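The values are calculated or read from the model by the stated rules, or taken from the named source; none is laboratory data. These figures come from a predicted structure and were not determined experimentally. Cβ placement follows ideal geometry from the backbone for every residue including glycine, while neighbour counts extend to all protein chains displayed.
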Amino acid sequence: MVSMNEKIMIVDDEKEIADLIELYLKNDGYNVYKFYKGMDALKCAESEKMDLAILDIMLPDVDGFHICQKIRERYFYTIIMLFSKNVCIEMRDNQLPS
């Protein structure tokens, strides 16, 4: 059984994906903080300690790696990174900025 105090951050600009993840997590009793933009998630991360973050890599304003780095400067909770097939191919081909 999940404690009602456990907080999960979802960051994905694809609303259908973020909404679906939110639906499943809320049904299991988690408190969900959902963001479609990375900057909004960063603001939340500065003030709220989460138990888990689920981050999309490719966001319109700031990438998921940057959000992960900023979270790691303060916290050490688990972070799950979401990759699309195209991102994996770009990373393999070294087309993403470091």
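Would you pick out the residues in the stretch 46-71 that are exposed (fewer than 14 other Cβ atoms within 10 Å of the Cβ) and either part of a strand (DSSP E or B) or over 13 Å from the mean Cα position of the chain (by Cα) (or both)? Across the stretch 46-71, the qualifying residues are Glu46, Ser47, Glu48, Lys49, Pro60, Asp61.
Which one is modelled with the lowest pLDDT, of the residues in the stretch 1-18 that are farther than 17 Å from Met58 by Cα and touching a strand residue (DSSP E or B) at 6+ places or on another chain (Cβ under 8 Å)?
Met4
Residues that are among the polar types (S, T, N, Q) and part of a helix (DSSP H, G or I) within the stretch 15-45 comprise just one, Asn27.
Pull up the stretch 72-93, narrow it to residues that are touching a strand residue (DSSP E or B) at 6+ places or on another chain (Cβ under 7 Å) and crowded, with 17+ Cβ neighbours inside 10 Å, then point me to the one that is modelled with the highest pLDDT. Full working, then the answer.
Restricting attention to the stretch 72-93, the residues satisfying the condition of being touching a strand residue (DSSP E or B) at 6+ places or on another chain (Cβ under 7 Å) are 77-82.
Next, from what is left, pick out any that are crowded, with 17+ Cβ neighbours inside 10 Å: 79, 82.
Details: Ile79: 96, Leu82: 89.
Here the residue is Ile79.
Apart from one condition, Lys26 fits all of (1) basic (Lys, Arg); (2) in contact with a strand residue (DSSP E or B) (Cβ under 7 Å, 6 or more places away or on another chain); (3) modelled with pLDDT under 95; the exception is (3). For the stretch 41-48, the condition of being at pLDDT below 95 and small (Gly, Ala, Ser) holds for at least one residue.
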